[in-house]
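Input: a single structure, listed below in structure tokens.
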Amino acid sequence: MYQEKAKILWNNQAGNEYYRIGLTCHKGYSGAKPGQFIMLHFPGRMAPFLPRPFSIHRIIKTGGRTAGIELLYKVVGKGTKMLSGHCKGDVVNILGPLGNGFIFSNHYKRIFIVAGGIGVAPMLFLASYLKTKGTNSSECMVFLGGRSKDDLLCSDDFLRMGMKIHITTDDGSAGDQCFVTHPLETALERDRPDIIYACGPLEMLKCVAGISEKHTVPCQVSIETVMACGMGACLGCAVERKEASGNYMHVCFDGPVFDVRCLEL
Ligand SMILES: Cc1cc2nc3c(=O)[nH]c(=O)nc-3n(C[C@H](O)[C@H](O)[C@H](O)COP(=O)(O)OP(=O)(O)OC[C@H]3O[C@@H](n4cnc5c(N)ncnc54)[C@H](O)[C@@H]3O)c2cc1C
Ligand code: FES
């Protein structure tokens, strides 16, 4: 885990409310796993007191060496609004990589990736990681859902990796007009995957968890809670363990990726 001042390499708008920010980082991030995150803190008196968590979206490489990380973020409040106003050359404080990350097994051949809205942020890193593990991209299917076409990000990146992609929107402005879990269940009934990886809004994750349970398909989900420290010190990110009332896990420390069977979503 590295605490450092990171220089902003770029901070480009990627849609109405979305941005991609490149940050310099310690070379130790070459060992970061998809699903891991950083805590980002702004210097300055006007900045929010608490740091904000963001998933690693991509490892930036130059000449085969780790030169930085890229985050994909949505402007939702004070901190992300402030971040969107930062420019190339500005400096922020980052702590990471934090958390556990998605677990991969060589037995996973047929893989379903489910991403809702900004939940796609860690999934692009996951997709490129799967490629480095020798996964056959044509056996990976990505289910990408958003409220409207403006909330669909990274579809071209997944396609470039040779993955099949199924797009849905709530308003029908792109892909099928339905929840992303509909094509997921249809595809799963046709040809069962070895694993489902998912990240997105809680309601989506609950539905994915139900589908995985019904069809007894293993499933790992990345979940979000409000976080103050990101490293197990404040105990503010507690979630209850399934079938063990009063027994808590901490999203920043035990997660943010969990086997759905352990979680009371
Ligand atoms: C492990 C982890 C990884 C994350 N990765 C990303 C990412 O890659 N890209 C991205 O855009 N966002 C990500 N988030 C969510 C991001 O941290 C919040 O959107 C951000 O902290 C909001 O800060 P703010 O000051 O702009 O909003 P605030 O003013 O703090 O809040 C604005 C609104 O967002 C809600 N909110 C704040 N924090 C969270 C949260 N953690 N989860 C759900 N709702 C929240 C608040 O309840 C409020 O309604 C991640 C969160 C976690 C826990
Ligand atoms: S955010 Fe402080 S313990 Fe998890």
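The values are calculated or read from the model by the stated rules, or taken from the named source; none is laboratory data. As the structure is a computational prediction, the values presented were derived from the model and not from experiment. Note that each Cβ is placed from the backbone with ideal geometry, even for glycine, and that neighbours are counted across all protein chains shown.
Taking the stated definitions as given, is residue 29 closer than 23 Å to residue 221 by Cα and outside any strand (DSSP E or B)?
Working: closer than 23 Å to residue 221 by Cα: yes; outside any strand (DSSP E or B): yes.
For residue 29, the condition - closer than 23 Å to residue 221 by Cα and outside any strand (DSSP E or B) - is met.
Is one or more of the residues making up region 56-68 within 16 Å of ligand 2 (Cβ to nearest atom), closer than 30 Å to residue 147 by Cα and either touching a strand residue (DSSP E or B) at 6+ places or on another chain (Cβ under 9 Å) or among the charged types (D, E, K, R) (or both)? Even if it seems obvious, please write down each step before you answer.
Of all residues in region 56-68, those within 16 Å of ligand 2 (Cβ to nearest atom) come to none.
No, because not a single residue in region 56-68 is within 16 Å of ligand 2 (Cβ to nearest atom), closer than 30 Å to residue 147 by Cα and either touching a strand residue (DSSP E or B) at 6+ places or on another chain (Cβ under 9 Å) or among the charged types (D, E, K, R) (or both).
Cβ-Cβ distances below 8 Å connect the following pairs, each with a first residue in region 78-96 that is under 25 Å from residue 253 (Cα atoms), a second residue that is part of a helix (DSSP H, G or I) and away from ligand 2 (no atom under 16 Å from the Cβ), and a separation of six or more residues or different chains: 92/83; 96/29. Of all residues in region 1-26, those being within 11 Å of ligand 1 (Cβ to nearest atom), charged (D, E, K, R) and assigned to a strand (DSSP E or B) number 1. Checked against the criterion of being surrounded by fewer than 20 Cβ atoms within 10 Å (Cβ to Cβ), away from ligand 1 (no atom under 15 Å from the Cβ) and either among the aromatic types (Phe, Trp, Tyr) or outside any helix (DSSP H, G or I) (or both), the candidates 174, 187 yield just one match: 174.
Among the residues making up region 227-256, those that are part of a loop (DSSP other than H, G, I, E, B) and within 8 Å of ligand 2 (Cβ to nearest atom) are 227, 228, 229, 230, 231, 232, 233, 234, 235, 236, 237.
Every residue, every condition in (1) in a strand (DSSP E or B); (2) aromatic (Phe, Trp, Tyr), yes or no:
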{"site": "44", "(1), (2)": "no, no"}
{"site": "72", "(1), (2)": "yes, no"}
{"site": "96", "(1), (2)": "yes, no"}
{"site": "104", "(1), (2)": "no, yes"}
{"site": "126", "(1), (2)": "no, no"}
{"site": "130", "(1), (2)": "no, no"}
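Here's the yes/no breakdown for (1) assigned by TED's automatic domain parsing to the domain that holds residue 36; (2) surrounded by 12 or more Cβ atoms within 10 Å (Cβ to Cβ); (3) more than 14 Å from ligand 1 (Cβ to nearest atom); (4) assigned to a strand (DSSP E or B):
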| site | (1), (2), (3), (4) |
| --- | --- |
| 61 | yes, no, yes, yes |
| 67 | yes, yes, yes, yes |
| 87 | yes, no, yes, no |
| 92 | yes, yes, no, yes |
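From the list 138, 128, 105, which residue is under 24 Å from residue 66 (Cα atoms) and either away from ligand 1 (no atom under 11 Å from the Cβ) or surrounded by 18 or more Cβ atoms within 10 Å (Cβ to Cβ) (or both)?
Details: 138 fails: under 24 Å from residue 66 (Cα atoms); 105 fails: under 24 Å from residue 66 (Cα atoms).
The unique qualifying residue is 128.
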